[in-house]
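Let me begin by handing over the structure; questions about it come next.
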Amino acid sequence: MNRMEHFFCSTALWQSMTHRILLPWVLSGGRLGDHVLEIGAGYGAATGHLLKLVPRVTSLEYDPRLLQKLKAKHQCAELTPLCGDAATLPFADRSFSSAVAILVLHHLKSRELQDRALAEVHRVLRPGGSLFAFEINDGWIHRAAHYKSTFTPVTPGSAFARLTKVGFSKISVDFRGGGYRVSARRAAEETLKGRPVAASATA
């Protein structure tokens with residue numbers, strides 16, 4: 001992120017907007033379950049709200065400096081903050097009931113890394129688990145805001161094919177202002193060596 005992004009994402013204004021407007025919309029109609037994976041936690045704008053909604057949150061952040069700030073801000077047993085890469089998630093298969101990624105995918109350096117991250121999310125979700133994401137549209141304003149920062153926009157129209165390719169179903173895309181939300185689900189029942197595998201009761 002560039003200096004402007006760091007400044008804005010660390011403000012009380014962004015945290016308030018995330019709590020009161022963004023997350024309620026992104027998560028509306030969905031089910032988080034009992035253990036959420038927060039990808040790209042940043043300064044923790046969404047973390048506090050997620051901790052109010054579920055018993056357990058694991059927050060992954062790529063930047064060690066931001067991770068330290070996150071740990072200092074949220075010190076509770078319900079939160080597990082870890083340093084890691086969205087394209088190579090350090091978790092076992094079927095670990096989480098849901099995953100949340102707010103303004104994360106466009107910070108990955110290539111479409112290939114984005115697809116790897118989506119496949120990794122699918123892998124670590126339990127059967128029946130959901131992905132909730134928020135992204136911004138491509139355009140000169142957002143490109144200018146990401147000057148000297150990574151900006152690999154994800155076109156809304158590509159979401160269905162890319163998510164389906166890695167195994168997701170029940171995909172939806174909704175727009176608001178300069179951004180859009182995506183929700184997708186891992187199948188509730190999958191086949192493992194010819195036998196059906198049902199979702200966990202806690203998913």
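A quick yes/no check of all residues on (1) surrounded by 15 or more Cβ atoms within 10 Å (Cβ to Cβ); (2) free of Cβ contacts under 8 Å to residues at least 60 places away in the same chain; (3) farther than 23 Å from Gly129 by Cα; (4) among the aromatic types (Phe, Trp, Tyr):
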{"site": "Met1", "(1), (2), (3), (4)": "yes, no, yes, no"}
{"site": "Glu5", "(1), (2), (3), (4)": "yes, no, yes, no"}
{"site": "Leu66", "(1), (2), (3), (4)": "yes, yes, yes, no"}
{"site": "Cys76", "(1), (2), (3), (4)": "no, yes, yes, no"}
{"site": "Asp93", "(1), (2), (3), (4)": "no, yes, no, no"}
{"site": "Leu105", "(1), (2), (3), (4)": "yes, yes, no, no"}
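Here is a follow-up. Could you grab me the full set of residues in the stretch 1-47 that are of a type in the set (Asp, Glu) and touching a helix residue (DSSP H, G or I) at 6+ places or on another chain (Cβ under 9 Å)?
Once the filter is applied, which keeps residues that are of a type in the set (Asp, Glu) and touching a helix residue (DSSP H, G or I) at 6+ places or on another chain (Cβ under 9 Å), the stretch 1-47 yields Glu5, Glu38.
Another question, then. Give Ala145, Ala119, Ala101 a once-over and let me know the one that is at pLDDT 95 or above, farther than 22 Å from Leu50 by Cβ and aliphatic (A, V, I, L, M).
Ala119
Residues being surrounded by 19 or more Cβ atoms within 10 Å (Cβ to Cβ) and not charged (D, E, K, R): count how many of those fall in the stretch 50-64.
The number of residues fulfilling the criteria is 6.
Looking only at residues that are among the β-branched types (Val, Ile, Thr) and at pLDDT below 95 in the stretch 122-142, which one is farthest from Gly84 (Cα to Cα)?
Ile141
Give Leu60, Leu70 a once-over and let me know the one that is farther than 17 Å from Ala159 by Cβ and in a helix (DSSP H, G or I).
Selected residue: Leu70, the only one of Leu60, Leu70 that is farther than 17 Å from Ala159 by Cβ and in a helix (DSSP H, G or I).
Considering only the stretch 155-175, how many residues are of a type in the set (A, V, I, L, M) and out of contact with any strand residue (DSSP E or B) (no Cβ under 7 Å at 6 or more places or on another chain)?
2
Can you tell which of Ala184, Ala159, Ala188 is at pLDDT 75 or above, more than 20 Å from Ile102 (Cα to Cα) and hydrophobic (A, V, I, L, M, F, W, C)?
The conditions single out Ala188.
Right, here's the next one. I'd like to verify a number: residues in the stretch 107-136 that are under 23 Å from Lys148 (Cβ atoms), of a type in the set (D, E, K, R) and surrounded by fewer than 19 Cβ atoms within 10 Å (Cβ to Cβ), how many?
3
The values are calculated or read from the model by the stated rules, or taken from the named source; none is laboratory data. These figures come from a predicted structure and were not determined experimentally. In this analysis, Cβ positions are derived from the backbone assuming ideal geometry, glycine residues included, and neighbour counts consider all displayed protein chains.
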